[in-house]
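What follows is a single structure, written as structure tokens, with notes after it.
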Amino acid sequence: STFLRQEPHLHLLVNNAGVSAGGTTEDGFSLTFQVNHLGHFLLTQQLLHAPAGHPGDRLRRAPRAPCTAEQLCKARPGSGTGSTLSKQHPGEVGVPSPPALAATPPLPLAPGFVNTELFRHLPLWLKPLFVPLAWLFFRDATEGAETSLFCATQEGLERFSGRYFADCRLQEPWPHARDDAVARELWEASERLVGLAP
């Protein structure tokens with residue numbers, strides 16, 4: 001609400017915050033699910049459904065980090081495990097679209113496995129095994145940002161609204177990630193969970 005009061009335009013939104021930790025939030029959700037999915041969903045909806053008086057072209061593109069209920073965020077590139085959840089564009093799942101979405105194509109993407117502090121909450125016994133593997137095989141933060149930056153800055157991607165990107169190019173996700181019925185069900189469940197629908 002502060003942003004909407006103070007800023008006339010929002011040209012770009014990259015939903016890429018994430019945690020990999022156990023625990024439950026005060027709302028009763030898994031911490032990972034709330035931060036990696038519900039938080040992104042609610043923020044985007046509040047910006048898209050801004051009160052009258054705010055410009056409709058508030059969002060230009062909304063790349064989303066892929067997330068699923070089982071494997072929330074940082075899916076393996078090309079696996080498609082996150083595309084069902086990140087295909088959260090009303091027009092894609094049969095939900096009425098707000099006018100703002102005409103100029104705001106979402107671009108779901110997979111940054112790949114990235115060696116950041118995302119995994120700092122791993123159990124102590126697992127860290128000696130995991131940390132060397134992360135240094136050897138994971139991308140560093142700069143490499144992990146490449147696809148997000150590509151989707152955020154490359155001109156002409158509007159025609160690929162709702163398509164899935166990895167390694168700075170279009171990818172075809174696995175069939176289960178293209179299930180429109182599941183995507184619609186997740187959309188409607190997310191609206192209820194964040195209080196946007198009864």
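The values are calculated or read from the model by the stated rules, or taken from the named source; none is laboratory data. Since this is a predicted model, take the numbers as computed values, not measurements. Surface areas here come from the heavy atoms of the whole protein model, side chains and all, with no ligands, DNA or RNA. Shrake-Rupley method; radii C 1.70, N 1.55, O 1.52, S 1.80 Å.
The largest accessible area among 158, 26, 172 belongs to the first residue in 26, 172, 158, and the rest follow in falling order (1.4 Å probe, all chains).
Estimated at 0.36 nm per residue, the fully extended path between residue 180 and residue 153 surpasses their Cα-Cα distance by 6.9 nm.
What would the Debye equation give as log₁₀ I(q)/I(0) for segment 1-41 at q = 0.16, 0.19, 0.21, 0.29 Å⁻¹, counting only Cα atoms as equal point scatterers? Summing over Cα pairs of segment 1-41 leads to -0.55, -0.67, -0.73, -0.94.
What does the C-alpha gyration tensor say about the overall shape of segment 111-190? Classify as rounded when a/c is under 1.5, otherwise prolate if a/b is larger than b/c, or oblate.
Oblate.
Where a ≥ b ≥ c are the square roots of the eigenvalues of the C-alpha gyration tensor, would you call segment 143-192 rounded, which needs a/c under 1.5, or, failing that, prolate if a/b is larger than b/c, or oblate? It comes out prolate by the Cα gyration axes. Ordered by 1.4 Å accessible area with all protein chains kept, 41, 113 run largest first as 113, 41.
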